[in-house]
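Step one of this worksheet: look at the structure below.
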Amino acid sequence: MTATTSSQAVMSQAAPSPAAASSRESRRPVGTVHIKDPSPLNWLFITWNTVEEPVRTDAEGHIVPAVLTDFRWLEGGRTLEIDVRQGIEFQDGEPLTAHYVKRAFDEVQRWQVPHPPGTYLNFDPAAAAQVVDEYLLRIHFPRPDGLAMAKFRGLHVMSSAFWDRLGFGYDRTSSGEGHW
């Protein structure tokens, strides 16, 4: 998905000349692009464009499925059962399964400060995830959590390579504030 600003959208309405179109065809990207962005928000854009979350929000702010395809509340709202979307692969070819969603949940749960900007995004420390099968996950809460689905917007589902090699730096800081 490519985002355009209003000025880009206006500029794109003009038809390119045949020479410009031919030149563009000869400059198709090849290889790897390396980007250096000094913005302190760069980590946010990289994370949200290279990983997945269980849910996203639509243009009206409604929670919509991303990694999950459906969910159900069981046990009076204390257990959340999640159907994980099939057919998703990480950049390294690993298939995304319920095990990866559980690992993301477990990794965040062990941080002392998972979401420092807003502790309302933290799950109850006593909540626990259970893989039922390859594409079914249950999360057990000690009490109903009405914000659980919104909290999943900030749960980053990563490949095992990410967690095994880099993580978010919590071994040093006990926080999700990054490895820098």
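The values are calculated or read from the model by the stated rules, or taken from the named source; none is laboratory data. No experiment lies behind these values; they were computed from the predicted model shown. Virtual Cβ from ideal backbone geometry, glycine too; neighbours counted across all protein chains shown.
Every condition in (1) modelled with pLDDT of 85 or more; (2) more than 20 Å from F162 (Cα to Cα); (3) within 19 Å of the chain's Cα centre (by Cα) holds for V67 except the one numbered (2).
Within the range 144-156, residues that are farther than 14 Å from L68 by Cβ and polar (S, T, N, Q) reach no partner that is at pLDDT 85 or above and part of a loop (DSSP other than H, G, I, E, B) with beta carbons closer than 9 Å at six or more positions or on different chains. Based on this model, can you work out whether R138 counts as crowded, with 17+ Cβ neighbours inside 10 Å, charged (D, E, K, R), modelled with pLDDT of 85 or more and not in a helix (DSSP H, G or I)? Yes; evaluated as a whole, the condition is true for this residue. Here the range 118-135 is the region considered, the condition is being surrounded by fewer than 16 Cβ atoms within 10 Å (Cβ to Cβ) and touching an Asp or Glu at 6+ places or on another chain (Cβ under 9 Å), and the residue that is modelled with the highest pLDDT is V132. The number of residues in the range 47-100 that are among the hydrophobic types (A, V, I, L, M, F, W, C) and buried (at least 17 other Cβ atoms within 10 Å of the Cβ) comes to 12.
Taking the criterion of being part of a strand (DSSP E or B) and either touching a residue at least 12 places away in the same chain (Cβ under 8 Å) or not hydrophobic (A, V, I, L, M, F, W, C) (or both), the residues of the range 60-72 that qualify are I63, P65, L68, T69, D70, F71, R72. Against the condition of a type in the set (G, A, S) and modelled with pLDDT under 95, how does A150 come out, does it pass? Judged against the criteria, A150 is a match. Only one of the numbered conditions (1) within 15 Å of L137 (Cα to Cα); (2) free of Cβ contacts under 8 Å to residues at least 60 places away in the same chain is not met by G87, and that is (1).
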